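Student: The structure's right below; bear with me while I get my questions together.
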Amino acid sequence: MVAVPRLSHGILSLTIKTKEELYQAYLPYITNGGLFIPTLRSYHLGEEVFMLLELMEEGDKIPVTGKVIWVTPKGAQGGRTPGIGIQLSPDDSTLISKIETYLAGALSSGRKTNAL
């Protein structure tokens, strides 16, 4: 289970300690990649969010920005964890590379790329 983030002055904080937690949180099928962030706080589609990510063995927290692309509300059918799915910024390509390296590249092999 992915650790529930802590809110501090409007900034989300998410700690991912294991490869399993990272696999559950990462959304490789979203353009630019994405993260699922468990939270009870209310968000709207398209809203910009900022969070600090503690990623496994990384020494420092990684600042991450993204847009809310879906919301799973509290009390959602099927007992799903409430939270938001965010689409990462194209500027976060280094973070995406780190995530996919931790996940042994298995995710990037199946992703379609967008031709410009």
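The values are calculated or read from the model by the stated rules, or taken from the named source; none is laboratory data. All values reported here derive from a predicted model rather than from experimental measurement. Positions of Cβ are backbone-derived with ideal geometry, glycine not excepted, and every protein chain shown enters the neighbour counts. Accessible surface areas use protein heavy atoms only, side chains included; no ligands, DNA or RNA. Shrake-Rupley method; radii C 1.70, N 1.55, O 1.52, S 1.80 Å.
Student: For residues that are in a strand (DSSP E or B) and open to solvent by 60 Å² or more (accessible area, probe 1.4 Å), tally how many sit in segment 12-58.
Tutor: Here is the first cut: in segment 12-58, the residues in a strand (DSSP E or B) are 12-16, 26, 34-38, 48-55.
Subset that is open to solvent by 60 Å² or more (accessible area, probe 1.4 Å): 48, 50, 54.
Of the residues in that region, 3 qualify.
Student: Do we have residue 92 as out of contact with any His (no Cβ under 9 Å at 6 or more places or on another chain) and in contact (Cβ under 8 Å) with a residue 60 or more places away in the chain here?
Tutor: yes
Student: Mind listing whichever residues of segment 77-116 are open to solvent by less than 70 Å² (accessible area, probe 1.4 Å), modelled with pLDDT of 85 or more and not in a helix (DSSP H, G or I)?
Tutor: 81, 82, 83, 84, 85, 86, 87, 88, 89, 103
Student: From the list 21, 57, 47, which residue is modelled with pLDDT of 90 or more and more than 14 Å from the chain's Cα centre (by Cα)?
Tutor: 47 is the lone residue from the list that is modelled with pLDDT of 90 or more and more than 14 Å from the chain's Cα centre (by Cα).
Student: Tally time: how many residues in segment 50-86 are in contact with an Asp or Glu (Cβ under 9 Å, 6 or more places away or on another chain) and without any contact (Cβ under 8 Å) to a residue 40 or more places away in the chain?
Tutor: Residues meeting the conditions: 7.
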